[in-house]
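What follows is one structure encoded as structure tokens, with my remarks underneath.
The values are calculated or read from the model by the stated rules, or taken from the named source; none is laboratory data. Please read all numbers here as calculations on a predicted model, not as lab measurements. Here the Cβ positions follow ideal geometry from the backbone for every residue, glycine too, while neighbour counts run over all protein chains shown. All accessible areas refer to the heavy atoms of the entire protein, side chains included, with ligands and DNA or RNA removed. Shrake-Rupley method; radii C 1.70, N 1.55, O 1.52, S 1.80 Å.
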Amino acid sequence: EVRHVLTETDPFDCGSVMFGISSGMRIFLCRDPVDMRKSYDGLANLVENHFHENPLSGFFFLFMNGQRNRLKILFWDGGGLCLFCKRLEKGRFRLPAGEENQIDDMSLEMILSGIDFKNIRRLPRYKP
């Protein structure tokens, strides 16, 4: 078994993955554990049944296993379904508090980067 060892300057490091997400992008978070053996069709079925959304909408749909050390993001890029997968070798993905099933682009980046939401708070900002 060959494993790639990551370093600070490693070009394969996906610690801060950027998908080119606009700030208005809808990102759905499934807070229930999901069987990570599911692939395109199984996750697309979950999108329809759990979120009542169209998997071809262009929105991002985020799923995790029960241990929260594996994550999949299903999205439509205009030509086909895409599936991003990440497995943590140590630790767990942390989720924002609450029961909401939608998160913003910053929360997604924080989840993927391993930031703990417990001690983070968002300061109020002006919104016209």
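Looking only at the stretch 24-70, which residues are in a helix (DSSP H, G or I) and of a type in the set (Val, Ile, Thr)?
From the stretch 24-70, those in a helix (DSSP H, G or I) are 40-51; that's our starting set.
Across the stretch 24-70, the qualifying residue is only 47.
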Among the residues of the stretch 49-57, is there at least one that is modelled with pLDDT of 95 or more, open to solvent by 50 Å² or more (accessible area, probe 1.4 Å) and of a type in the set (A, V, I, L, M, F, W, C)? yes
Could you check residue 70 against (1) surrounded by 13 or more Cβ atoms within 10 Å (Cβ to Cβ); (2) touching a strand residue (DSSP E or B) at 6+ places or on another chain (Cβ under 6 Å); (3) within 15 Å of residue 27 (Cβ to Cβ) and say which number it fails? (3)
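When only residues in the stretch 95-122 that are in a loop (DSSP other than H, G, I, E, B), among the hydrophobic types (A, V, I, L, M, F, W, C) and at pLDDT below 90 count, which is least open to solvent (accessible area, probe 1.4 Å)?
In the first step, residues of the stretch 95-122 are kept if they are in a loop (DSSP other than H, G, I, E, B); the result is 95-101, 104, 114-116, 120-122.
Keeping just the survivors that are among the hydrophobic types (A, V, I, L, M, F, W, C) gives 95, 97, 115, 120.
The next check asks that each one be at pLDDT below 90; those that pass are 97, 115, 120.
Working: 97: 99, 115: 68, 120: 87 Å².
The residue in question is 115.
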Could you please find all residues in the stretch 80-90 being part of a loop (DSSP other than H, G, I, E, B) and open to solvent by 50 Å² or more (accessible area, probe 1.4 Å)? 89, 90
